[in-house]
Each structure stands twice: as C-alpha cells, then as structure tokens.
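**Q** Below: one structure in structure tokens.
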Amino acid sequence: MSFDVDTPRGQETINHTAPNGTVELAIRSAAFPGHPEIYSQKDIEKEKELAAIDFYNGKTKDGLDVVLIPKTYSTSPGINIHAVKLPAGTSHLGYAESHTGKSHSGDDKIIAKYKQTIPTHFTYCPSILGYYHLSRFFDTEHVEPAIVRTMDVAAHKPLADLGKAKAIGSNNRQQWTEVRALDDSHSNSTLYTKDGKQLYGALQANPTGEQSYPHLSDLQGASAFAASAEFSKVTSPNPLKLECIDASGKLNQSAVQQIVQIKDLSDMILMDFIMSQADRFSGNIHSEKVYVWIENGVLKHEAKKSDPAKAAEQLKEIPPEAVLINRMIMKDNDAGLVSGNSAKSYHLLDKTSHIDPKTYNRLLDLQSKLQKPEVAQWYQTELLFTPADFNTVKNNVDQAVGILSSRKDKKLFLDASLSLALGLEEANE
C-alpha cells in the first residue's frame, strides 16, 4: 500500500508546515459509513485537538509548548508529544535530549503519541486506527481517539538519532536503529508517503489518569491470563447473579466492579480476536478510576480527574453514594493484523460465557456492514488497511459470530451489563 498525499480522504484535514517547508497533514478520518452517531462530542473534540497539534512551534490551548520526545523505554520506537513550559533559551531538541526517560515532572504531560509502522516488528499504524473506530462501533470507551498524521522525514531524523542514542535496552535501540536507516532511504511504502518526503502514521490521544490494571497488568503471556481468577469469572458457566444493590439500597462496590470487569474483559477479547492482536498480554492492559452512581433512575459514570486539585473539586460534585471502580483502558493497540492472534490461539473467545448484549448485537450488525463495498473502501482509504487487512477483519468477525451465536442461550449469557443488572438506562457521558 502506498500513501499518496493527494488522495482525498478524511472529513477534515489540517495542514502544518515543517521547518523546511514540507506540508504535513493531520487527517480526521471519515466516520464509519452510515454511523456518525457512534462518535461522542468528546471524541470529536479530541480528534480536533489532535489535528491542531503543530509538531514544531505548537502550543496547547493552555499555552504550553508542544515538544516531541522519542520513546526510549519500551520496544516500539514511537514519539511522545509532550506539553511543557519550555525554559527560556531551551530549544525543543535540547529539552528532548534531557527528557527521554519514562519519568517526567508533574508539569510535563504526555498529551499524545505518534507511531508509524515498523515493517519487522509488532507496530502497525492501521491497527491503531482500526481499534479506535471498532471501539466506537461497539460503544466501548476503552480506546482513545486517533487520527492519521504525516511527518517530514528531515524533521524526524534528529529525533530518530536521539532515540537511538538514548534507547534503554537493546530491543528499543535496535528498533530506533532500523527506523533511522529507513529514514535515509525513505522508500518503504508501509511508512513513507508515495513522494518519499514524509512518514505517515497514527497520532493518538494519551489517556489521562491511566494506571496499571490491578493484577492483570502483571501477568505475562496469554496462558497466564487464561489461568487468572479474573478470566475465570468471564468463563463461569452460570448466569451472573450479582447483588449490585446492598440492603441499604446503595450500590455494592465489589459487585459493580465485578460486572464491569467481566464486560471489559469480554469486550477486550472480542476486539483482540477481530483485530488479530499479537501483544495484549505483556503488560498492555491499563485502567482508570471511574465514579458510578444512580441519579433519578439513570446510571451515571464519570472518570476521576487525574490532577489532585481538580479531583478534589470534582469530588464536591460527585454524590456521596457513588462507588469508585477500575475501568479498562486499551492503549497499546499497535500489534494487530501483523503477527498472530493471541485471543484465537488460546481459544479465549470460545471460553467466554458472559458478554454485554449490546456488544453482541453490534457484532451481528458489524458482520452485515462488512459485506458492503463502501465499508471495505472506507477501511482502506480512511484507516489505511490493505485489502488483506480488511479480509482478516471480515473473516475474524465471521468466526466470532459463529463462535458466539452457536452458544447463545446455552453456555453464552448476554448478561455482562451493569445497566441491565440494575434494570436502568445508562446516561451517555
């Protein structure tokens, strides 16, 4: 597949000019055909914020400087987009040189991540884009918004040099070395534009307040996940009968947490099965804290603010009977469609006994949508899938429907839903 900057795509494109005059593109992909309603107002605002990021002279809406810093502390060589107050007289690259490590101060936030495909490794830009739009089709909030972004090769080279020089561990260094060599030839069509002047990849919002997911983040490998107590609840052969309301009429925190966790895990397994994810079970399960409460017969939820001062203010507005739970974040989704499928290899979907009825019905809907030529075209133009990528997703969806529908009303229960358990409507955030 080659990326031609002149091919019309996206619902909105913002141009940014690199220091040497190359015009970079920030492209908000068109909505899933026929379904603009699956994206929230917050999604649209985040996409627009991403599209507005100027890599070289940018400022955030809070007036902070945008600084690009190579990611040197994990395998894949992406670029973290930081929002900082640059000290007087400090250049962007100078700041980056002294801040490549994982730790950064409280006034230095990572607002987004930029990743391009690495041909020999589990880093694939269409996978990042595919997960975002799939999560919205399933109406799950696990994945942050992502857009298509190009970047001038000449501007990328010094960052790749820095990544190579500061890499922590041989794997990361090897990846940066490879990317830097590719920058010199800039002819590989999976990561450079047709004219060879730019890289193209996915720019994704970085979740605020994310944490490791208790216990699940520590598991190494799909077999450890399959043997976990958390997954055993997803595979339980009995209908969920959780007392989500206690004797005093209040939400029961542990029951609410359990049903949300079962939904989160079955959603994750289904999405990973569809996207042929190879690298979920090496610490790539994260979480955020969320308040849940009932207000006038409606189930409400709100993510806990990560900034301590804002969190204290927020708590004044949150009803005292709200319970605080962990909700899953899927933030490392770049190893789909390229090598293996852990959910399939370990038969995780076959073993899943509880799923949200809305997720199940949307899966059936997705199967019919994938038959449409305009949907196949959308995947290729807007999400940069190859025809083979699209066929992989289509075949995986067919298999997922076969696996789940054959067990419905027998060993598969459509009961992994908190609103269903409580008999309430759920408010949109």
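Just so you know, all these numbers are worked out from the coordinates, no wet-lab data involved. All figures in this text were calculated on a predicted structure; none of them were measured in a lab. Neighbour counts are summed over all protein chains in view; Cβ atoms, including those assigned to glycine, are modelled from backbone coordinates with ideal geometry.
**Q** At ILE168 and VAL298, where each label point lies 7 Å from the Cα along Cα→Cβ, what is the point-to-point distance in nanometres?
**A** Roughly 4.4 nm, to one decimal.
**Q** Give me a comma-separated list of calculated 3J(HN,Hα) values for the range 215-228, in order, Karplus coefficients 6.51, -1.76, 1.60 applied at θ = phi - 60°, integers in Hz, x for any Gly or Pro.
**A** 3J(HN,Hα) across the range 215-228, in whole Hz: 6, 4, 5, 8, 6, 10, x, 5, 5, 5, 5, 4, 8, 6.
**Q** Bin width 10 Å, alpha-carbon pairs only: give the P(r) of the chain as whole percents, running from 0 to the bin holding the largest distance.
**A** Taking all Cα pairs of the chain, the binned fractions are 4, 21, 31, 26, 14, 4, 0 percent.
**Q** Also, quick follow-up: So which trypsin sites (Lys or Arg not before Pro) in the range 30-68 are both in a DSSP loop and have at most 12 other Cβ atoms within 10 Å of their Cβ?
**A** Here the trypsin sites (Lys or Arg not before Pro) that fit, given the DSSP loop and packing criteria, are LYS61.
**Q** Additional query: How big is the range 340-421 on each of its three principal axes, counting only the C-alpha atoms and giving the largest first in Å?
**A** Largest first, the range 340-421 extends 40, 28, 20 Å along its Cα principal axes.
**Q** Starting from the amide H of GLN277, placed 1.01 Å from N in the peptide plane, find each other amide H under 5 Å away whose residue is 5 or more places distant or on another chain.
**A** Correct list: LEU337, SER342, ALA343.
**Q** Find the percent of Cα-Cα distances in the range 276-429 that exceed 25 Å, and round it to a whole number.
**A** Cα-Cα pairs of the range 276-429 separated by over 25 Å account for 49 percent.
**Q** Projected area of the range 289-369, taken from the Cα convex hull and averaged over every viewing direction, in nm²? Kindly include the intermediate steps, with their values, before the conclusion.
**A** Details: hull surface 35.6 nm².
The Cα convex hull of the range 289-369, projected and averaged over all directions, gives 8.9 nm².
**Q** Could you work out the Rg to Rh ratio of the range 209-267, with Rh taken as the Kirkwood radius (inverse of the mean 1/r over all Cα pairs)?
**A** So for the range 209-267, dividing Rg by the Kirkwood Rh gives 1.03.
**Q** On to the next question. On a straight-distance basis, which lysines could pair with LYS157 in a cross-link, Cα separation under 16 angstrom, same-chain partners fewer than 8 positions away excluded?
**A** LYS71, LYS115, LYS166, LYS197
**Q** Next question. Using all alpha carbons of the range 112-225, what is the percent of pairwise distances in each 10 Å bin, ordered from the shortest bin to the longest?
**A** All Cα pairs, binned at 10 Å, distribute as 13, 34, 36, 16, 2 percent.
**Q** For the residue pair ASP398 and SER254, what label-to-label distance in nm results when each label sits 7 Å from Cα along the Cα-to-beta-carbon direction?
**A** Going by the 7 Å Cα→Cβ label model, 4.6 nm.
**Q** Averaged over every viewing direction, what's the projected area of the C-alpha convex hull for the range 53-153? Give it in nm², one decimal, please.
**A** On the way: hull surface 31.2 nm².
Orientation-averaged projected area of the Cα hull: 7.8 nm².
**Q** Beyond a 27 Å Cα-Cα separation, which of these cross-linked pairs lie in this structure: LYS233/LYS394; LYS289/LYS331; LYS109/LYS310; LYS289/LYS344?
**A** Numbers: LYS233/LYS394 29 Å; LYS289/LYS331 15 Å; LYS109/LYS310 15 Å; LYS289/LYS344 30 Å.
From LYS233/LYS394; LYS289/LYS331; LYS109/LYS310; LYS289/LYS344, over 27 Å: LYS233/LYS394; LYS289/LYS344.
**Q** Separate question: Along Cα→Cβ, 7 Å out, is where each label goes; now give me the distance between the ones at LYS351 and GLU97 in nm to one decimal.
**A** If labels sit at LYS351 and GLU97, their model points lie 5.1 nm apart.
**Q** Would you calculate the volume per residue, in Å³, of the smallest convex hull containing every Cα atom of the range 183-301? Show your work: numbers first, answer last.
**A** On the way: hull volume 22.3 nm³, N = 119.
Output value, Cα hull per residue: 187 Å³.
**Q** Compute log10 of I(q)/I(0) for the range 49-97 with the Debye formula, placing one identical point scatterer on every Cα and leaving out solvent, at q = 0.23, 0.26, 0.27 Å⁻¹, to two decimals.
**A** Computed log10 I(q)/I(0) values: -0.85, -1.01, -1.05.
**Q** Separate question: Just tell me which aspartates and glutamates come within less than 12 Å, Cα to Cα, of LYS113; anything on the same chain fewer than 8 places away is out.
**A** By straight Cα distance, LYS113 reaches GLU144, ASP332, ASP334.
**Q** Compute the length gained on full extension between ALA309 and ASP365: take 0.36 nm times their separation in residues and subtract their Cα-Cα distance, giving the result in nm to one decimal.
**A** Gain in length upon complete extension: 15.8 nm.
**Q** Short version: what are the Cα gyration tensor semi-axes of the range 1-126, square root of 5 times each eigenvalue, largest first, in whole Å?
**A** 27, 18, 16
**Q** Could you state the angle between the C-alpha long axis of helix 153-166 and the longest principal axis of the C-alpha atoms of the chain, as a value from 0 to 90 degrees rounded to the nearest 10?
**A** Value to nearest ten degrees: 70.
**Q** Could you sort the peptides 272-280, 162-170 by per-residue average Cβ neighbour count (10 Å cutoff), highest mean leading?
**A** 272-280, 162-170
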